[in-house]
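As structure tokens, the structure follows; a few thoughts come after it.
The values are calculated or read from the model by the stated rules, or taken from the named source; none is laboratory data. As the structure is a prediction and not an experimental result, all values here were calculated from the model. So basically every Cβ, Gly included, is an ideal-geometry build from the backbone, and we count neighbours across all protein chains shown.
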Amino acid sequence: MVAKFDLSDDSVVVIIGTGAGGGVLANELAQKGVKVVALEAGGRYLPDDYINDEWESFGQLAWTEPRTTSGDWRVAKDFSGLPAWIVKAVGGTSIHWAGASLRFQDHEFKTKTHYGNVDGANLLDWPIDPAELAPYYDKAEAKLGVTRTGDRPGLPGNNNFKVLEKGAKALGYQEVNTGHMAINSIEYDDRMSCQQTGFCFQGCKWGAKWSSAYTDIPRGEATGNLEVRDHCHVARILHDDKGMASGVEYFDKDGNLQMQKAKIVCLAGNSIESPRVLLNSHSAMFPDGLANSSGQVGRNYMRHTTGSVYGVFDKPVKMWRGTTMAGIVRDEARHDPSRGFVGGYELETLSLGLPFMAAFLDPGGWGREFTSALDSYENMAGMWIVGEDMPQETNRITLNHGVTDAYGLPVANVNYTDHPNDRAMRDHAYARGAAIYDAVGATRTFPTPPYPSTHNLGTNRMSEKPRDGVVNKHGQAHDVPNLFISDGSQFTTGAAENPTLTIVALAIRQADFIAAEMSKGNI
Amino acid sequence: MATKVGSKGLTRRQLLARATAAGASFVVGSGFMAARNAAWATELSALQPTTFATLVQMARDIYPHDRIDDQYYVLAVKGYDTADAAPEIEAGIAALDAAARGKGFANYLETGWEKDRVAILRGMEESPFFQKIRGGLVTGLYNQKAVWPIFGYEGESYSKGGYINRGFDDIDWL
């Protein structure tokens, strides 16, 4: 029985966004009997709807409303209007993610302590201890059915992985396997096992990969405590004269402005839209935007130090067959400043179909240097670099008042410039990635520049002290006690790991906290 | 009135006449007249035939794949043959021909060597016209399902049950 709540019902928790953060939080609260209205800007698409065609799927799922870019990152040149490749749909980017589910390493929660002062970096320790999050990582892994955790076996390795594995082991790397994946290796939690179909980025048509779209969302709705309103684009969060969040204004599917009253508001629109909503919620009481007394809203934008390495061989690989992110090398994820940078990086297999390879291999490239690479598409193997980038105050989301969206709201500008540490790490990873393929006989390798960001982090970060960040260790705004941040924007630092598992663990933990505080009458 | 261009019809004869007038490089350079197998024919509604032929050659020179037939390049740029798009394309190709003349060639199409045509293109690669054509080709050419098999790419596999029993791990040379 799907719930239906009145706009004037001020007892509900309003969650903005239904991805890995918002979707999980909505279900977890609903399971505890908390009444939830979830507002989602996109529409509803289920596995039957997903399209295994890269551009067509992009048109179906991607957030393509205007955004602008600045800074010296190459994405601003190659994809000036598309800083991020993230999803606008019920289930959010959990439809698109590759499924890599890695816990942070302990030291990555305390980078200020372990890395020390890094010039130009705004490093800070998370206000959470690793031990505090560990039981929630357990719960998140069980929820997502992560392979190689619990008693779940790993996935079988495809051709792309076998090339990576052989090269990595030839170089002496030890931690090489098919990864910790939220993709079923065996039937689990009413979802079937991976059929090695490829197109993980376009939504898993088998439902073998976890997404909130077809797990947490319908389960939350089945409790009768969750109402999901799709095609609802949030404009701003309102507050009362005591400075408490009181409701959310949004444009409904017909473009009409509505206002849902709220007891608590949780923002999970990703690290670009979440700060945009806070900044657009400025008022006489909060002239710099809601929850922004620290001035940190929108700052410290992180997107991981990324890049890809593709190798061409004299014989076919057919990397597109099977799981997109089919395996990992973890040896370089350690913190070892002797390499010339702090933090570390993961190397994970990746493949793109021919249409996206043409768009992303060397954006702007042309001529035979470019086309001879594509001529060898069948003989290519690919890997993606995921490394910890430095938080910088000037890498930030701001409102671009010169560009407005369909509702007349200023759009987000994403400013990003690589830190010298980021560049040193990327160059190191390019060289190691090429060496891996060279060790298996690559005839040519390509250090491919970063794609539009999929890991968007840090723009409403957690801090122990209110002056250093936007939210406390529970994701609760320092300035507004009944306002929570429930997505990757609460990350204090980015770590080397793909962020989704940590977003889910934090959402489960936040649901416990919110429910407890509500029952105590604290909020 | 639509002008028929391609492997048969009056316009082909007109083009042949022009090609003959212009010299053999028209045939060699464009491949346009070499649709011996009648693999493609297209109706032009707004662009001049020589403009379109030059545009097809430009497309091939930007993304040259020797195993890809002209018909796919034709399809990739056919969208510019509209009343709205034509003025910009005519102007762009005119500039391309002017650049060719500046390097001592009669026009772009009659510039016989690819390296010479590429040098002409390099000289204008920052221009909005070049970037528009190049950017459009990224999807216009590579998103044609018919070219995928030429690269070995197999497209979707869901309808066949994925690759779980069809070679996801069949690499045999490692």
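Within region A:163-182, the only residue that satisfies the criterion of being small (Gly, Ala, Ser), surrounded by fewer than 24 Cβ atoms within 10 Å (Cβ to Cβ) and touching a residue at least 60 places away in the same chain (Cβ under 8 Å) is A:Ala170. The set of residues in region A:140-162 that are surrounded by fewer than 24 Cβ atoms within 10 Å (Cβ to Cβ), assigned to a loop (DSSP other than H, G, I, E, B) and not small (Gly, Ala, Ser) comprises A:Arg148, A:Thr149, A:Asp151, A:Arg152, A:Pro153, A:Pro156. Residues in region A:293-322 that are assigned to a loop (DSSP other than H, G, I, E, B) and surrounded by fewer than 24 Cβ atoms within 10 Å (Cβ to Cβ): A:Ser293, A:Ser294, A:Gly295, A:Phe313, A:Asp314, A:Lys315, A:Pro316.
Here's the yes/no breakdown for (1) within 30 Å of A:Asn117 (Cβ to Cβ); (2) out of contact with any strand residue (DSSP E or B) (no Cβ under 7 Å at 6 or more places or on another chain):
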position	(1), (2)
A:Arg339	yes, yes
A:Leu354	no, yes
A:Ala358	no, yes
A:Gln392	yes, yes
A:Thr398	yes, no
A:Val403	no, no
A:Val414	yes, no
A:Ala424	yes, yes
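Residues checked against (1) in contact with a Phe, Trp or Tyr (Cβ under 9 Å, 6 or more places away or on another chain); (2) of a type in the set (D, E, K, R); (3) buried (at least 20 other Cβ atoms within 10 Å of the Cβ); (4) modelled with pLDDT of 95 or more:
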{"site": "A:Phe5", "(1), (2), (3), (4)": "no, no, no, yes"}
{"site": "A:Ala41", "(1), (2), (3), (4)": "yes, no, yes, yes"}
{"site": "A:Ile51", "(1), (2), (3), (4)": "yes, no, no, yes"}
{"site": "A:Thr68", "(1), (2), (3), (4)": "no, no, no, yes"}
{"site": "A:Val90", "(1), (2), (3), (4)": "yes, no, yes, yes"}
{"site": "A:Gly99", "(1), (2), (3), (4)": "yes, no, yes, yes"}
{"site": "A:Gln105", "(1), (2), (3), (4)": "no, no, no, yes"}
{"site": "A:Tyr115", "(1), (2), (3), (4)": "no, no, yes, yes"}
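Scanning region A:1-46 for residues that are of a type in the set (Phe, Trp, Tyr) and without any contact (Cβ under 8 Å) to a residue 12 or more places away in the chain returns no hits. Candidates are the residues of region A:92-111 that are among the small types (Gly, Ala, Ser) and assigned to a loop (DSSP other than H, G, I, E, B); the one that is nearest to A:Leu124 (Cα to Cα) is A:Ser101.
Taken over region B:109-124, residues that are surrounded by 14 or more Cβ atoms within 10 Å (Cβ to Cβ) and without any contact (Cβ under 8 Å) to a residue 60 or more places away in the chain amount to 7. Scanning region B:129-153 for residues that are part of a loop (DSSP other than H, G, I, E, B) and within 7 Å of chain A (Cβ to nearest Cβ), we see that the one that is nearest to the chain's Cα centre (by Cα) is B:Tyr142. crowded, with 24+ Cβ neighbours inside 10 Å, at pLDDT 95 or above and in contact with a Lys or Arg (Cβ under 8 Å, 6 or more places away or on another chain): is that true of A:Gly247 in this structure? It is false that A:Gly247 is crowded, with 24+ Cβ neighbours inside 10 Å, at pLDDT 95 or above and in contact with a Lys or Arg (Cβ under 8 Å, 6 or more places away or on another chain).
One line per residue, one yes/no per condition, for (1) more than 14 Å from every other protein chain (Cβ to nearest Cβ); (2) touching a Lys or Arg at 6+ places or on another chain (Cβ under 7 Å); (3) not acidic (Asp, Glu):
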{"position": "A:Lys253", "(1), (2), (3)": "yes, no, yes"}
{"position": "A:Gln296", "(1), (2), (3)": "yes, yes, yes"}
{"position": "A:His304", "(1), (2), (3)": "yes, no, yes"}
{"position": "A:Arg321", "(1), (2), (3)": "no, no, yes"}
{"position": "A:Pro355", "(1), (2), (3)": "no, no, yes"}
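Taking A:Leu29 as the residue in question, decide whether it is within 30 Å of A:Phe513 (Cα to Cα), part of a helix (DSSP H, G or I) and touching a strand residue (DSSP E or B) at 6+ places or on another chain (Cβ under 7 Å). For A:Leu29, the condition - within 30 Å of A:Phe513 (Cα to Cα), part of a helix (DSSP H, G or I) and touching a strand residue (DSSP E or B) at 6+ places or on another chain (Cβ under 7 Å) - is met. I'm trying to understand the selection: among the residues of region A:281-302, which are more than 22 Å from A:Asn122 (Cβ to Cβ) and among the hydrophobic types (A, V, I, L, M, F, W, C)? Residues satisfying the conditions are A:Ala284, A:Met285, A:Phe286.
Just to be sure, is A:Ile217 touching a Pro at 6+ places or on another chain (Cβ under 7 Å) and in contact (Cβ under 8 Å) with a residue 24 or more places away in the chain? The answer is no for A:Ile217.
Looking only at residues of region A:261-292 that are on the phi > 0 side of the Ramachandran plot and of a type outside the set (S, T, N, Q), we find that the one that is surrounded by the fewest Cβ atoms within 10 Å (Cβ to Cβ) is A:Gly289.
Of the residues making up region A:323-338, those that are outside any loop (DSSP other than H, G, I, E, B) and either within 14 Å of chain B (Cβ to nearest Cβ) or closer than 15 Å to A:His107 by Cβ (or both) are A:Glu332, A:Ala333, A:Pro337. Suppose we filter region A:481-511 for residues that are surrounded by fewer than 24 Cβ atoms within 10 Å (Cβ to Cβ) and in contact with a His (Cβ under 8 Å, 6 or more places away or on another chain); how many remain? Matching residues across region A:481-511 total 1. Elements of the type strands (runs of 3 or more DSSP E) sitting completely within region A:393-471 and holding at least 1 residues that are surrounded by fewer than 16 Cβ atoms within 10 Å (Cβ to Cβ) and among the β-branched types (Val, Ile, Thr): these cover A:396-404. Here A:Arg339, A:Arg321, A:Arg334 are screened, and the one residue that is more than 19 Å from A:Asn421 (Cβ to Cβ) and not hydrophobic (A, V, I, L, M, F, W, C) is A:Arg321.
Return yes when A:Cys232 is in contact (Cβ under 8 Å) with a residue 60 or more places away in the chain and surrounded by fewer than 22 Cβ atoms within 10 Å (Cβ to Cβ) and no when it is not. Criteria met by A:Cys232.
Condition (residue is part of a loop (DSSP other than H, G, I, E, B) and in contact with a strand residue (DSSP E or B) (Cβ under 8 Å, 6 or more places away or on another chain)) applied to region A:364-375: is it met by at least one residue? No, every residue in region A:364-375 fails to be part of a loop (DSSP other than H, G, I, E, B) and in contact with a strand residue (DSSP E or B) (Cβ under 8 Å, 6 or more places away or on another chain). Counting only residues that are within 14 Å of chain A (Cβ to nearest Cβ) and of a type in the set (Val, Ile, Thr), region B:52-72 holds 2 of them. Can you find a residue that is more than 19 Å from A:Val471 (Cβ to Cβ) and more than 14 Å from every other protein chain (Cβ to nearest Cβ) anywhere in region A:264-281? Checked region A:264-281: no residue is more than 19 Å from A:Val471 (Cβ to Cβ) and more than 14 Å from every other protein chain (Cβ to nearest Cβ). Residues in region B:130-154 that are over 17 Å from B:Tyr73 (Cβ atoms) and surrounded by 18 or more Cβ atoms within 10 Å (Cβ to Cβ): B:Tyr153, B:Glu154. Please work out if A:Gly243 is in contact with a helix residue (DSSP H, G or I) (Cβ under 7 Å, 6 or more places away or on another chain) and closer than 21 Å to A:His474 by Cα. In short, no. Within region A:112-125, the residues that satisfy the criterion of being touching a residue at least 60 places away in the same chain (Cβ under 8 Å) and either part of a helix (DSSP H, G or I) or in contact with a strand residue (DSSP E or B) (Cβ under 6 Å, 6 or more places away or on another chain) (or both) are A:His114, A:Tyr115.
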